Structure formats: C-alpha cells, structure tokens
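The block underneath contains the structure these notes are about, expressed in structure tokens.
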Amino acid sequence: MDIKITGNTEASVLIIGCFHGDEPQGKHLIEEYLKIKSDTNLLFIPCLNKYGYEHNTRVNANGVDLNRNFPTENWILSKKNNFYGGPAPESEEETKFLVNLIKNGNFKLILTLHAPYKIVNYDGDGEAISEKISRITGYPVEKSVGYPTPGSFGTWAGIEKKIPTITLELDEESDVKELEEPIFEVFGLLENY
C-alpha cells in the first residue's frame, strides 16, 4: 500500500480522490490544483486506491470496494462483486489508514471525489456547504445516492463520527480538463472553511 498525503497536515478539511480506481477524475483534479496552489490549507489524498487506479477497477487488490469496508453499524458481509465490503469491516489497509488518519486528525469537513452521478451528496451536517458546492458545480444536492451503501465512508465519517462528509459525484463524460475550473473553485471555497 502506497498512499500519498499532500498539503497541510494541520488542515481541518480533508479531500480524497480515487476511492474507486475506475473514477480517476479526483486524482487528476487534486494533482493539477496542487501545481497552482502549493501553499494550501487543505489536506489531500490524491489517490486512496492505487491498485484500482493502476488497473482501472473499482476495487482494491483484494477485490474489496473500499467504500463498503468501514466499521459502520450497518456493515454487512456481502457477495463478492464490485460492491464487496470485504471479509470484515476495516479489513483493508487503505481503510485502516484512513480510519487512523481521521481518528488522529481534527477534521471539520471531508470531501470525497467520485463519479458519475453529477450530484452533491452529503452525510451528517453537510447540507449548507453542499448547497454552496452545488451553486459552483451546477449539480443538485442529494441527501441519498438512491441505493443502500452499507459500510460506506460517508456513514462512518459523516453520520457516526459526526464529521460533515460530502461526496461530490463528478460528470465522467466530461473531459476532466473541463472540470478543473469549477472544482478548483470548490477547493478554494474549502481553503477558508
């Protein structure tokens, strides 16, 4: 496991890209943003799922969907498919890394970059900031993605740990370069959060 952290280690806002390897937009956007904004008040994980990114797959090297592997009250042992939550909650090194980072940090907000639904989804007390992000991106705010997500990061961090957690679902059909301007504006908004 090789997870790179970039930015301000004392930051109150954490931004995570590439939870799912076949959703690479977040990695690109974070890396491009850091080229123009090296002095940042944010902490970034450009790519949480390096294996998935390198193999263009949703899951990690063990076939686990990291966004179903968190130690939530609603975690379930599921079938081995693209949404497999692992043999146990927090079984994966990437999940352990993120849980440890958050438990030892002082985060007031977390933003994860996903695709393809073009929505601003939130868990916990994130509606107000979601509305601001929605005005920048043009994506609607949705409290639910529309299907069950047992063991999800949003449930663990946003609801159970009470850190507002925003899942920004990007347009996967747009050229990622077209996403830079609005997403950099979102990052700028969060610099002062």
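Over the range 46-193, what is the percentage of antiparallel beta bridges among all DSSP beta bridges, to the nearest 5?
Working: 5 of 12 bridges.
Looking only at bridges with both residues in the range 46-193, the antiparallel portion is about 40 percent.
How many angstrom lie between the C-alpha centres of the range 32-104 and the range 156-193?
Computed from Cα coordinates, the inter-centre distance equals 16 Å.
Ranked by accessible surface with a 1.4 Å probe, highest first, in what order do S152, S38, S78 come?
Numbers: S152 5, S38 105, S78 35 Å².
Putting S152, S38, S78 in descending order of accessible area: S38, S78, S152.
Excluding ligands and nucleic acids, what accessible area in Å² is computed for Y117 using a 1.4 Å probe, to the nearest 10?
110 Å²
Kindly give the semi-axes, whole Å and largest first, of the ellipsoid equivalent to the range 1-104, taking each as the square root of 5 times a Cα gyration tensor eigenvalue.
Details: eigenvalues 128, 53, 17 Å².
Each semi-axis is √(5λ); the values are 25, 16, 9 Å.
Translational D (Stokes-Einstein, µm²/s) of the range 1-60 at 37 °C and 0.692 mPa s when Rh comes from the Kirkwood sum over C-alpha pairs?
285 µm²/s
Counting only GluC sites (Glu not before Pro) that are in a DSSP loop and have at most 15 other C-beta atoms within 10 Å, tell me the longest site-free stretch of the chain. Spell out each step's value before the answer.
Working: sites that count: E10, E73, E173.
Between exposed loop sites, the widest span is 74-172.
When only the heavy atoms of the protein chains count and the probe is 1.4 Å, how do D171, D125, D22 rank by accessible area, highest first? List each step's numbers first, then the result.
Numbers: D171 25, D125 130, D22 65 Å².
Largest accessible area first, the residues go D125, D22, D171.
Give me the percent of Cα-Cα pairs in the range 43-179 that sit more than 18 Å apart, rounded to a whole number. Walk me through the numbers before you get to the answer.
Numbers: 5205 of 9316 pairs.
Every Cα pair in the range 43-179 considered, those over 18 Å come to 56 percent.
Please report the accessible area of K4 (heavy atoms, 1.4 Å probe, ligands and nucleic acids excluded) in Å², nearest 10.
130 Å²
Given N residues in the range 129-180, what is its alpha carbon radius of gyration divided by 2.2 N^0.38 Å? Could you put the intermediate results ahead of the total?
On the way: Rg = 12.8 Å, N = 52, 2.2 N^0.38 = 9.9 Å.
It is 1.30.
Which entries of K96/K161; K37/K132; K50/K80; K35/K162; K27/K132 have Cα-Cα distances beyond 27 Å here? Walk me through the numbers before you get to the answer.
Details: K96/K161 15 Å; K37/K132 21 Å; K50/K80 20 Å; K35/K162 32 Å; K27/K132 22 Å.
Pairs exceeding the cut-off: K35/K162.
If we count every other residue with Cβ under 12 angstrom of G52's Cβ, Lys/Arg +1 and Asp/Glu -1, where does the sum land? Numbers along the way, then the final one.
Values: positive: K27, K50, R58; negative: D22, E23, E54, D65, E92, E94.
Here the count lands on -3.
The values are calculated or read from the model by the stated rules, or taken from the named source; none is laboratory data. Quick caveat: nothing in here was measured; it's all calculated off a predicted structure. Backbone-built Cβ (ideal geometry, glycine too); neighbour counts: all protein chains shown. We work out accessible area using only protein heavy atoms, side chains counted, and drop any ligands, DNA or RNA first. Shrake-Rupley method; radii C 1.70, N 1.55, O 1.52, S 1.80 Å.
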